[in-house]
Amino acid sequence: MDILFLSHTFKGSEFVVGSHHLSREVASMGHRVAHVSTPLSYAHFISNKGAPRRVEQAQRGVFTDDDGVVNFVPKTVLPSDIYWTDTQYMKLLGRIGFIKPDIIFVDQPALFTKAQTESTLIFRPTDVFTRPSLIRRASMINDLADALVATSEPVRSEFTKGSLRPEVVVPNGVQLENFLDAKLVPFRQGAVYVGAVDERFDVEAVKKLALSFPDMPVDIYGPESIQIDKSSLPSNLSFKGAADYWDLPNILRQYRIGLLPFNNHPLNVGRGPMKLYEYLAAGLYVLRSSVNEGSAHAPGVHVYRSFSDIPRCATAIMESPTENVEGMIEARRHSWSQKARDVLDFAAALQR
């Protein structure tokens with residue numbers, strides 16, 4: 001089959017997201033796969049608001065990566081959430097060499113057009129949306145899509161149509177083979193967070209942890225898009241910048257605790273954290289806030305409901321065996337290869 005992913009994040013970004021994993025795994029099954037992400041508008045390019053890697057991808061044009069996936073970052077005059085048409089979509093299909101995709105997965109509503117209803121159209125929201133232009137586009141695709149594949153139960157609830165169409169929740173997974181090959185570390189210590197350091201990240205929670213355990217390193221890996229007063233941080237709390245995705249298995253296995261410190265930002269309500277099963281696959285215990293705790297019942301996951309719970313949860317982890325073996329076993333049930341099979345089987349059933 002010809003399968004098209006319309007994604008919010010380009011392959012090669014600092015962030016590796018679900019559509020990257022799914023497109024790779026689906027291509028490995030022998031299907032012809034294209035991954036197209038949010039266009040780079042000339043307005044963003046001229047105002048220097050396009051991230052350098054994204055600009056590079058847009059200037060590169062259409063290319064096929066090592067996984068056999070066709071990649072493309074379109075260039076548009078106006079931002080796509082303001083102006084993206086059937087004509088632009090049809091031109092896009094010509095550029096990537098897909099006359100009519102059999103299945104289209106859309107997690108970027110800004111790239112939706114009604115012309116996509118000629119294919120089996122699956123809305124795959126990974127978050128709830130707060131920007132008015134994306135809310136409008138998400139409502140349009142939600143009304144016209146053949147099915148819904150959500151990454152969490154809160155996201156499914158946001159867009160559910162009840163019994164009127166097929167719906168399924170397929171949470172994010174883990175590229176398991178990377179973690180099976182990770183080097184063993186005889187002594188683990190400290191806590192780690194890997195991900196975006198943005199308005200959804202609870203700085204005060206990680207400060208509380210660091211202050212409660214001054215001899216324990218608390219390391220934060222990820223690009224920062226918010227201002228943080230580093231002069232006020234405890235000496236054992238370090239912001240280390242972005243880590244290369246392929247280095248994560250060996251980085252994570254040095255620690256005992258994986259952090260998911262989500263605050264009450266609206267975008268956290270439906271968030272299905274990419275790092276949960278990666279932490280577990282690396283043998284870490286997980287310390288997370290109670291925001292969207294749908295997957296909090298995995299082995300070795302400890303939930304804090306207030307800052308005062310953090311020392312108690314961390315102490316319980318440090319009194320546990322060094323490696324979260326049960327969590328590692330659970331992670332094996334959530335490989336991206338299995339997620340891709342589940343999603344594709346669900347989509348293929350719609351065509352019968």
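The values are calculated or read from the model by the stated rules, or taken from the named source; none is laboratory data. The model shown is predicted, which means the values in this text are computed figures rather than measured ones. Here Cβ is always computed from backbone atoms with ideal geometry, including for glycine, and neighbour counts include all displayed protein chains.
So that you can scan it fast, the table gives a plain yes or no per residue for (1) in contact (Cβ under 8 Å) with a residue 12 or more places away in the chain; (2) within 18 Å of Ser7 (Cβ to Cβ); (3) not aromatic (Phe, Trp, Tyr):
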position	(1), (2), (3)
Ser23	yes, yes, yes
Val55	yes, yes, yes
Thr64	no, yes, yes
Asn71	yes, yes, yes
Gln88	yes, yes, yes
Phe98	yes, yes, no
Asp107	yes, yes, yes
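Quick check, is Phe129 on the phi < 0 side of the Ramachandran plot, part of a loop (DSSP other than H, G, I, E, B) and exposed (fewer than 14 other Cβ atoms within 10 Å of the Cβ)? Before the answer, list the steps.
Values: on the phi < 0 side of the Ramachandran plot: yes; part of a loop (DSSP other than H, G, I, E, B): yes; exposed (fewer than 14 other Cβ atoms within 10 Å of the Cβ): no.
In short, no.
Condition (residue is in a loop (DSSP other than H, G, I, E, B), in contact with a His (Cβ under 7 Å, 6 or more places away or on another chain) and either on the phi > 0 side of the Ramachandran plot or not aliphatic (A, V, I, L, M) (or both)) applied to the range 175-188: is it met by at least one residue? Step through it out loud before you land on a result.
Start the filter on the range 175-188 by keeping residues that are in a loop (DSSP other than H, G, I, E, B), which leaves 175, 181-188.
Going one step further and asking which of them are in contact with a His (Cβ under 7 Å, 6 or more places away or on another chain), we end up with 175.
Now restrict to residues that are either on the phi > 0 side of the Ramachandran plot or not aliphatic (A, V, I, L, M) (or both): 175.
Yes, the range 175-188 has at least one match.
Which residues, counting only those in the range 292-328, are assigned to a strand (DSSP E or B) and surrounded by fewer than 20 Cβ atoms within 10 Å (Cβ to Cβ)?
Here is the first cut: in the range 292-328, the ones assigned to a strand (DSSP E or B) are 301-304.
If the condition is that a residue be assigned to a strand (DSSP E or B) and surrounded by fewer than 20 Cβ atoms within 10 Å (Cβ to Cβ), then His302, Val303 are the ones that fit.
Quick one: is Pro79 crowded, with 20+ Cβ neighbours inside 10 Å, part of a loop (DSSP other than H, G, I, E, B) and touching a Ser or Thr at 6+ places or on another chain (Cβ under 6 Å)? Spell out how you get there, then give the answer.
Values: crowded, with 20+ Cβ neighbours inside 10 Å: no; part of a loop (DSSP other than H, G, I, E, B): yes; touching a Ser or Thr at 6+ places or on another chain (Cβ under 6 Å): yes.
Considered against the rule, which asks whether it is crowded, with 20+ Cβ neighbours inside 10 Å, part of a loop (DSSP other than H, G, I, E, B) and touching a Ser or Thr at 6+ places or on another chain (Cβ under 6 Å), Pro79 comes out as no.
Go through the range 324-346 and report how many residues are under 16 Å from Gly258 (Cα atoms) and in contact with a Gly (Cβ under 8 Å, 6 or more places away or on another chain).
We begin by selecting, within the range 324-346, every residue under 16 Å from Gly258 (Cα atoms); these are 324-328, 330-331.
The next check asks that each one be in contact with a Gly (Cβ under 8 Å, 6 or more places away or on another chain); those that pass are 324-328.
The number of residues fulfilling the criteria is 5.
Going by the structure shown, is Val286 within 27 Å of Leu211 (Cβ to Cβ), at pLDDT 95 or above and crowded, with 20+ Cβ neighbours inside 10 Å? So that I can check it myself, show each step before the final result.
Working: within 27 Å of Leu211 (Cβ to Cβ): yes; at pLDDT 95 or above: yes; crowded, with 20+ Cβ neighbours inside 10 Å: yes.
Judged against the criteria, Val286 is a match.
If I filter the range 271-293 for residues that are of a type in the set (Val, Ile, Thr), within 25 Å of Ala182 (Cα to Cα) and in contact (Cβ under 8 Å) with a residue 24 or more places away in the chain, do I get at least one hit? I'd like the intermediate steps shown before the answer.
Keep residues of the range 271-293 that are of a type in the set (Val, Ile, Thr), which gives 286, 291.
After this cut, where a residue has to be within 25 Å of Ala182 (Cα to Cα) as well, the list is 286.
After this cut, where a residue has to be in contact (Cβ under 8 Å) with a residue 24 or more places away in the chain as well, the list is 286.
Yes, some residue in the range 271-293 is of a type in the set (Val, Ile, Thr), within 25 Å of Ala182 (Cα to Cα) and in contact (Cβ under 8 Å) with a residue 24 or more places away in the chain.
Among the numbered conditions (1) among the β-branched types (Val, Ile, Thr); (2) surrounded by fewer than 22 Cβ atoms within 10 Å (Cβ to Cβ); (3) out of contact with any Pro (no Cβ under 6 Å at 6 or more places or on another chain), tell me where Ile257 comes up short.
Exception for Ile257: condition (2).
Look through Asn236, Asn250 and report the one residue that is among the polar types (S, T, N, Q) and within 18 Å of Leu287 (Cα to Cα).
Asn236
Table: residues versus (1) under 28 Å from Trp246 (Cβ atoms); (2) assigned by TED's automatic domain parsing to the domain that holds His31.
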residue: Gln108; (1), (2): yes, yes
residue: Leu144; (1), (2): no, yes
residue: Thr151; (1), (2): yes, yes
residue: Leu164; (1), (2): no, yes
residue: Val168; (1), (2): no, yes
residue: Ala182; (1), (2): yes, no
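Run Gln338 past the list (1) in a helix (DSSP H, G or I); (2) exposed (fewer than 15 other Cβ atoms within 10 Å of the Cβ) and report the number of the one that doesn't hold.
Only one criterion is unmet by Gln338, namely (2).
Kindly indicate which of Ala316, Ala296 is out of contact with any Asp or Glu (no Cβ under 6 Å at 6 or more places or on another chain), small (Gly, Ala, Ser) and either modelled with pLDDT under 95 or not assigned by TED's automatic domain parsing to the domain that holds Pro261 (or both). I'd like the intermediate steps shown before the answer.
On the way: Ala316 fails: either modelled with pLDDT under 95 or not assigned by TED's automatic domain parsing to the domain that holds Pro261 (or both).
Exactly one of Ala316, Ala296 is out of contact with any Asp or Glu (no Cβ under 6 Å at 6 or more places or on another chain), small (Gly, Ala, Ser) and either modelled with pLDDT under 95 or not assigned by TED's automatic domain parsing to the domain that holds Pro261 (or both), namely Ala296.
Of the residues that sit in the range 248-262 and are more than 14 Å from Leu176 (Cα to Cα) and within 17 Å of the chain's Cα centre (by Cα), which one is modelled with the lowest pLDDT?
Phe262
Among the residues of the range 193-216, what is the count of those that are of a type outside the set (Lys, Arg) and in contact with a Phe, Trp or Tyr (Cβ under 8 Å, 6 or more places away or on another chain)?
Here is the first cut: in the range 193-216, the ones of a type outside the set (Lys, Arg) are 193-199, 201-206, 209-216.
Filter once more, so that each one left must be in contact with a Phe, Trp or Tyr (Cβ under 8 Å, 6 or more places away or on another chain): 193-197, 201-202, 204-206.
Summing the residues that are of a type outside the set (Lys, Arg) and in contact with a Phe, Trp or Tyr (Cβ under 8 Å, 6 or more places away or on another chain) in the range 193-216 gives 10.
What number of residues within the range 15-44 satisfy the criterion of being surrounded by fewer than 16 Cβ atoms within 10 Å (Cβ to Cβ) and either modelled with pLDDT under 85 or not assigned by TED's automatic domain parsing to the domain that holds Ile96 (or both)?
2
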